[in-house]
Amino acid sequence: MAGKGPRVIEGASIAARDGRIVFVGTNEECAAVCDAAKSIDLEGRLVTPGLIDCHTHLIHAGDRAREFEQRLNGVTYEQIARAGGGILSTVRATRAASEDDLVHQALPRLDALLAEGVTTIEIKSGYGLDIGSELRMLGAARRLEHERKVTVCATYLGAHAMPPEANGNADAYIDEVCEEGIPAVVSAGLADAFDAFCERIAFSPAQVIRAFMAAKKAGLKIKLHADQLSNLHGARIAAEHGALSADHLEYTDAAGVAAMQRTGTVAVLLPGAYYTLRETQLPPIEQLRRHNVSMAIATDYNPGTSPLTSLLLAMNMASTLFRLTVDEVLAGVTRNAARALGRLDEIGTLEVGKRCDLALWNVEEPAQLVYRIGFNPLHQRVFAGDVAPSPSGRGPG
Ligand SMILES: [Zn+2]
């Protein structure tokens, strides 16, 4: 796939040098210009750009399986929250974990994604909610790049939830994020972007805007969890502040979509959370299409509302639940996901000059990647021109 829309080239060759793509085209064209030191016959397999999971909360300690079970047994969300459960249980566990613990608990989750051809992943902080713990989460996210062949884009999600010690004073907490959190993260060089959760149960539009101004002033790109549970005009706010992406968007209205079109803000769709919450309000897919807003798809892996470490399943859900076409789904985990991270000049398509991150598949046509459920047809993963070894040391990597 290369160029504007996902396009399949039959009988294709790709050549790379020093980790970068130097040729994409037909075998005949390649034979005329390429002088390969080493070549691999892919025997007709489909090759796509390495997949990009552009929205995850991969770093945290503990899990919420017990709460999941309690809810199935009739315990209400309120009862669980009053007993200290929900997001605050993840905050407690994450604060108590060392950076090593966070890395080691995240690796199996990362490996599950890499085994499906992921070569770039975005990871958010947001379960520390104090500066030391947030820095530790971001440090752990960065360390994953040394543990595996993967690119990590780290996002400071300082405004995810209110820490318990803020006693409900969201304005004072946002002051702390703006005056201490953002400068600390930027001076440590640990984040590429800033993110917030704009929702009645989280932070108001005014608070989000205040944090956006501080983040932009400090040189961070911005993203937003927008309009997931209600329409607080998060998509419009994100777009008007030049956000790379607005994510979730179930309740986004026409004005929000139009604003995203004007600024080229990417719509990141997260069907795993929609599924887990048994949501019924669909994101405005048809309007996004009509306005040519780029749509990306991600797992939104998190321990509470999307414990999903399969991007292939998110792709299937995006088709089945959101009715995205196969072309839209493939663009959503490659080109548009790269755009949502501000990295389209580097990754996301098979074009000369970009990094040679590839997924090689045991399928004949792209629809087979989206259509099957719970099946992984990855043959091999290539990261920066290197055939990546399997995370487990065997089988496809
Ligand atoms: Zn999220």
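Taken together, the values in this text are just the output of simple stated rules run on the coordinates, not laboratory data. In this text, all values refer to a predicted model and were calculated from it rather than measured experimentally. Note that each Cβ is placed from the backbone with ideal geometry, even for glycine, and that neighbours are counted across all protein chains shown.
Some values worked out for this structure:
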quantity	calculated
Radius ratio Rg over Rh of the chain, counting only Cα atoms, Kirkwood formula for Rh	0.97
Label point at residue 92 placed 7 Å out along Cα→Cβ; residues across segment 119-141 whose backbone nitrogen lies under 17 Å	127-130
Projected label distance in nm at residue 346 and residue 282, using a 7 Å step from Cα toward the beta-carbon	3.6 nm
Dipole magnitude of segment 23-83, debye to nearest 20 (Cβ charges: Lys/Arg +1, Asp/Glu -1, about Cα centre)	500 debye
FRET efficiency, residue 27 to residue 371 (Cβ-Cβ, R0 25 Å, nearest 0.05)	0.35
Inter-site label distance for residue 327 and residue 147 at 7 Å from Cα along Cβ, in nm	4.0 nm
Approximate spin-label separation residue 230-residue 218, in nm, with each point projected 7 Å along Cα-to-Cβ	2.8 nm
Under 22 Å between alpha carbons - lysine pairs in the chain that sit 8 or more apart or on different chains	10
Pairs of alpha carbons in segment 291-388 whose separation is greater than 17 Å (percent)	57 percent
Among 232-245, 55-68, 352-365, the order from most to least packed when residues are scored by Cβ within 10 Å on average	232-245, 55-68, 352-365
Gain on full stretching of the segment that runs from residue 289 to residue 17 - 0.36 nm per residue minus C-alpha separation	94.2 nm
Net charge dipole size for segment 274-397 [Lys, Arg +1 and Asp, Glu -1 on Cβ; Debye, nearest 20]	160 debye
